[in-house]
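Okay, so here's the structure we're looking at.
No lab work stands behind these numbers, since they all come straight from the coordinates. Since the structure is predicted, the reported quantities are computational estimates derived from the model, not experimental observations. Here the Cβ is made from the backbone with ideal geometry for all residues, glycine too, and neighbour counts use every protein chain on show.
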Amino acid sequence: MRKILAVSYVPWKYRHGESSEKLRTALAEKFQAKAFLFASGRESLLALLKAIRLKAGEEVIIQGYTCVVLPNAIHAAGGVPIYADIDEQTLNLTPASVEACITPRTRAVICQHTFGIPSDTKALREICDRYKILLIEDCAHILPSPLPAGRQANPLSRVERGDVSAQTNSSQEIGKLGDVILLSFGRDKAISGIAGGGIVVRNASLAREVELLEKTASDVSLREIIALLEYGPRMRCIVRPLIALGLHRPILKILNGLGLFAPILTERERKGCASPLLRKIPNACAFLTLHSLSRLKAINDHRRDLTTFYLDYGLRHGWPLLSGVQDHLPMQKFPLFVSNASHVRAELRRQNIHLDDGWTGCVICPDTVEPHDAGYEEKMDPVAEKACLQILSLPTHPTMTMMQAQKLTRLIDDFFKQQLPQARRPAAESK
Ligand SMILES: Cc1ncc(COP(=O)(O)O)c(C=O)c1O
């Protein structure tokens, strides 16, 4: 908040300034490769697909249970998103389903590290090498940082499934094997600058192509930057108090119409359309992202502490945990499987606890998106279709306190025990 105020006082640096270059250098050092910055993760992906000269009809493999901006960027580049199946316990692509989707038209695979659960990048790397296609690691939900002393790098999952796949990858492997790393600095991402995104490119000739696109990208309007900087205060002071009264949607519409609110998704994006234009990251967002990146270890340690707390509590109380979630992971959110998740969320909403994060009840998120517009048809990924209905995600964001987490877990456990005993759905039953 203090950082947002600090940047608000220097409007002449909203668009251009030294922060963008500093952020680029910091990311290049972190990943030991060239880094490029755009106004969002979705535009960064579009820039990459333009740079590889994706031709009309060429395919990019993504997973079911993803954000609509990914298929939108693929469509905007002229390509076709192909949905591969996910594993129910990791919510990530399975290597076998990826391989089954590969055709002569496949150019790339995007693996997502959903909510911070590491994808099986070793197996995907091997497949991509064999078929000579690009592996893009989407690190919007997790950016690795060194593990705190005493934490194991790759422990076996503590949630028993009785099979070897219960051992998921370590967060330390994230960002190491992809040809390209996709980054988002959006509002609820691993690190946040309110908006912004980037790509880290390991191939020198591809990096030159992206560099050209970055140079010719346009600026975000000053009005939009101001709306971004005002996003937090406007949400807290105007929109949130109206949620309980059910008036927040019309107010959001009015604020949007007046250009006073920077929505995470535009109406057109919800309908499956992405702009083909590329824009530079605003310097103000780069400034905030740099600050967030400098605090990455503290942010991740906080997320790890909350993950460990939820995991311990869940194990002690027989909660339906996912075996992909391990306590060394700085989870972006902590998913559980609950048979009537939407009912639990509605009950919690009555107590002013909002667990609606846009990643529930939909394979292409959020649920206001028509999946067909994103190239998804029913039954393309039955595992994702089932999982997304049963997901209840607990927050791990930097402002979530341990006391709030304790209160939340007690409330949820009460639901499980008293009001909604049928809601508890052990992970083992879900297979
Ligand atoms: C998994 C994932 N990757 C990439 C993006 C794109 O991020 P951005 O909002 O910066 O365009 C999102 C956005 O929600 C996302 O959820």
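Tabulated data for the structure shown
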| read-out | value |
| --- | --- |
| For peptides 239-247, 118-126, sequence by mean Cβ density within 10 Å, most packed first | 118-126, 239-247 |
| Residue (of Val239, Leu277, Pro144) at the positive-pole extreme of the chain, dipole from beta-carbon charges | Val239 |
| Gain in span if fully extended, Arg187 to Gln172, counting 0.36 nm per residue against the direct Cα distance | 3.0 nm |
| Equivalent-ellipsoid semi-axes of segment 55-144, from the Cα gyration tensor, Å, largest first | 19, 16, 11 |
| Label-to-label distance, nm, for residues given as Glu267 and His317 (7 Å Cα→Cβ offset) | 4.2 nm |
| Charge tally in the Cβ shell below 13 Å around Thr106, where Lys, Arg are +1 and Asp, Glu are -1, Thr106 excluded | +2 |
| Segments 97-110, 262-275 sorted - mean Cβ within 10 Å per residue, highest first | 97-110, 262-275 |
| Only Lys, Arg (+1) and Asp, Glu (-1) charged, at Cβ; segment 58-151 dipole about Cα centre in debye | 240 debye |
| Cα centre as origin, Lys/Arg/Asp/Glu Cβ charges: segment 295-430 dipole, Debye | 660 debye |
| Where labels lie 7 Å past Cα in the beta-carbon direction, separation of Ala56 and Lys417 in nm | 6.3 nm |
| Net dipole in debye of the chain [+1 Lys, Arg Cβ; -1 Asp, Glu Cβ; about Cα centre; nearest 20] | 1240 debye |
| Neighbour-count order for Lys34, Lys253, fewest beta carbons within 10 angstrom listed first | Lys253, Lys34 |
| Beta bridge orientation in the chain: antiparallel %, DSSP, nearest 5 | 50 percent |
| Proximal charge balance of Gly79 [Cβ under 12 Å; K/R count +1, D/E count -1] | +3 |
| Share of pairwise Cα separations in the chain, more than 41 Å, in percent | 11 percent |
| Enclosed volume per residue, in Å³, of the convex hull spanned by Cα atoms of segment 297-424 | 118 Å³ |
| Theoretical ellipticity at 222 nm over the chain - DSSP helices of four or more residues, -39500 (n - 2.57) apiece, nearest 500 | -11000 deg cm²/dmol |
| Relative packing of 193-202, 175-184, which averages over residues the other C-beta atoms within 10 Å, highest first | 193-202, 175-184 |
| Share antiparallel - DSSP beta bridges, segment 2-220, percent rounded to 5 | 40 percent |
| Potential extension, Glu211-Arg240 segment - 0.36 nm per residue separation minus Cα distance | 6.4 nm |
| Net charge, Asp381 excluded, C-beta distance under 14 Å - Lys, Arg +1, Asp, Glu -1 | -4 |
| For segment 2-220, the spread of Cα positions along each principal axis, largest first, Å | 58, 48, 29 |
